[in-house]
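The values are calculated or read from the model by the stated rules, or taken from the named source; none is laboratory data. Since the model is a prediction, treat every value here as computed from it, not as a measurement. We place every Cβ from the backbone using ideal geometry, glycine too, and count neighbours over all the protein chains shown. Accessible surface is based on the protein model in full, side chains and every heavy atom, while ligands, DNA and RNA are left aside. Shrake-Rupley method; radii C 1.70, N 1.55, O 1.52, S 1.80 Å.
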Amino acid sequence: MENTSRPPFGRPVSACLPSSEASQRHTPPMPDKWALLRDLTTGAEAFGLGHRTLSVLKALLTFWPERELPDAPESAIVFPSNRVLAERLSGMPESTLRRHLAKLVETGIVSRHDSPNCKRYARGQSGSIGIAFGFDLSPLARHASALASAAESVTAQRERIAVLRARLGMLRHRLTEDGAADVLIDAARLMLRRRASEQDLTELVSRLEAALPAPETVEPKPGPVAETTKMSASAARNERHIQETDNSISDSESAMTSEALPAESVGSAEKVAAITVPMITEACREYQAFFPDQPRGWHDLIAMSHRLAPMLGIDPPVLHEAQRIMGAERAAATVLCLLERASEIRKPGAYLRRLTQVARKGSFSVSAMLAAAGRRAAMPAFA
């Protein structure tokens, strides 16, 4: 005979519960309806669903009172009318609503549980719903694993595409510096401006990698070994960071701006003759069609070149690279010279990119361009 006066210590909890309660304890949790909707939204392309169809599904989910969605057939039926659904969807037309509902049923995300007269309603029984006719949301819960797998696949593909786009931008920059063909550089620029597939990005990245020049192998040469000073590990000595500052130079001497300096002192590749703003405005006259006022200094001239470059079709990265290599002043003078020949140069952006490559080698002369522009301006116009 079993002694029931003592608590059954040492026995599992399930052994102390009734059989029905023990079985309920081991029932796996039902999926969260909003987590299912989030996974479906991420992998919507795999199921051929648009954002309007997902909005209708979200509205249907709001009619299910619980957060957990059961997966048993006909266990999650909602029965709103089209009028109520349209109101919850901010006045969506009923014809549009019926089309998106048919798309959800066609995809298998929801199923219909129609009444004989195709109306949506429920019949109560003992204070609860005995039978309901409408849309069954349980297929959404049964497809939980497929939705999660599709969301993971789409997320991984987006990450791969982001890496490919970053690599494509890096290769385009390297080919620009190496003076590669404009066809490849323009193809990379156009690809980065549109939404390209993973296959197209992979193919173009392979083409750009094949066009890169082979890296030069340079053998390291051993240099003289510098004698290091032995430092103490004692906390009482403070010889680890010693910096001597020469305070004899005043702040006013080091605060000279680039406008006060000649163009050669701003990191320019040309060291022949100084270029002044009046020299540029005398040789280049076409800018007056856009800016009637004379530039008062280098600051105005550089700002003017920033606004003229997009008109000529020069991309900002190309202009910034020219300013880095030539200097901001000489790059501005080059842009004004290109404006003088805008009718002759088919691709001013590619032309400036090529001039930047020449300037990197130290063989580009802005003075020569200004002299040529001045000669053109001095030539008489023939009728």
Next on the checklist: I'd like to check something: does segment 334-349 contain any residue that is in contact (Cβ under 8 Å) with a residue 60 or more places away in the chain, over 36 Å from the mean Cα position of the chain (by Cα) and more than 22 Å from D178 (Cα to Cα)?
Outcome noted: no
Checklist entry - Does any residue in segment 84-95 that is touching a residue at least 12 places away in the same chain (Cβ under 8 Å) come within less than 6 Å, Cβ to Cβ, of a residue that is surrounded by fewer than 17 Cβ atoms within 10 Å (Cβ to Cβ) six or more places away or on a different chain, and which pairs are these? => result E94/N82
Checklist entry - Could you say whether any residue in segment 300-314 is farther than 25 Å from L190 by Cβ, open to solvent by 40 Å² or more (accessible area, probe 1.4 Å) and either assigned to a helix (DSSP H, G or I) or among the basic types (K, R) (or both)? => result yes
Checklist entry - Does E344 qualify as being acidic (D, E) and assigned to a helix (DSSP H, G or I)? => result no
Checklist outcome for this item: Filter segment 268-286 for residues that are modelled with pLDDT under 85 and within 40 Å of the chain's Cα centre (by Cα); the one that is most open to solvent (accessible area, probe 1.4 Å) is A269
Checklist entry - In this structure, is V335 open to solvent by less than 30 Å² (accessible area, probe 1.4 Å) and either closer than 21 Å to D186 by Cβ or among the acidic types (D, E) (or both)? => result yes
Item to check | Restricting segment 75-97 to residues that are hydroxyl-bearing (S, T, Y) and in a helix (DSSP H, G or I), the residue that is surrounded by the fewest Cβ atoms within 10 Å (Cβ to Cβ) | outcome: S95
Checklist entry - Within segment 160-213, can you find the residues that are in contact with a helix residue (DSSP H, G or I) (Cβ under 7 Å, 6 or more places away or on another chain), small (G, A, S) and more than 14 Å from A350 (Cβ to Cβ)? => result G169, A211
Next on the checklist: Suppose we filter V366, V318 for residues that are surrounded by 17 or more Cβ atoms within 10 Å (Cβ to Cβ) and farther than 22 Å from A181 by Cα; which single one remains?
Outcome noted: V366
Next on the checklist: What's the number of the only condition in (1) of a type outside the set (S, T, Y); (2) within 22 Å of T53 (Cα to Cα); (3) open to solvent by 30 Å² or more (accessible area, probe 1.4 Å); (4) assigned to a loop (DSSP other than H, G, I, E, B) that A72 fails to meet?
Outcome noted: (2)
Checklist entry - Is it fair to say E344 is at negative phi, surrounded by fewer than 17 Cβ atoms within 10 Å (Cβ to Cβ) and of a type in the set (D, E)? => result yes
Next on the checklist: Suppose we filter L204, L192 for residues that are open to solvent by less than 30 Å² (accessible area, probe 1.4 Å) and touching a residue at least 12 places away in the same chain (Cβ under 8 Å); which single one remains?
Outcome noted: L204
Checklist entry - Does R123 meet the test of being open to solvent by 90 Å² or more (accessible area, probe 1.4 Å) and either within 24 Å of L97 (Cα to Cα) or modelled with pLDDT under 80 (or both)? => result yes
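Per-residue answers, yes or no, for (1) modelled with pLDDT under 85; (2) assigned to a helix (DSSP H, G or I); (3) closer than 16 Å to H306 by Cα:
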{"residue": "A333", "(1), (2), (3)": "no, yes, yes"}
{"residue": "L336", "(1), (2), (3)": "no, yes, yes"}
{"residue": "A350", "(1), (2), (3)": "no, yes, no"}
{"residue": "L355", "(1), (2), (3)": "no, yes, no"}
{"residue": "V358", "(1), (2), (3)": "no, yes, no"}
{"residue": "F364", "(1), (2), (3)": "yes, no, no"}
{"residue": "A377", "(1), (2), (3)": "yes, yes, no"}
Checklist entry - Only one residue in K103, K58 is over 21 Å from K119 (Cβ atoms), of a type in the set (D, E, K, R), outside any loop (DSSP other than H, G, I, E, B) and open to solvent by 80 Å² or more (accessible area, probe 1.4 Å). Which one? => result K58
Checklist entry - Any chance segment 322-330 includes a residue that's outside any helix (DSSP H, G or I) and closer than 17 Å to S367 by Cα? => result yes
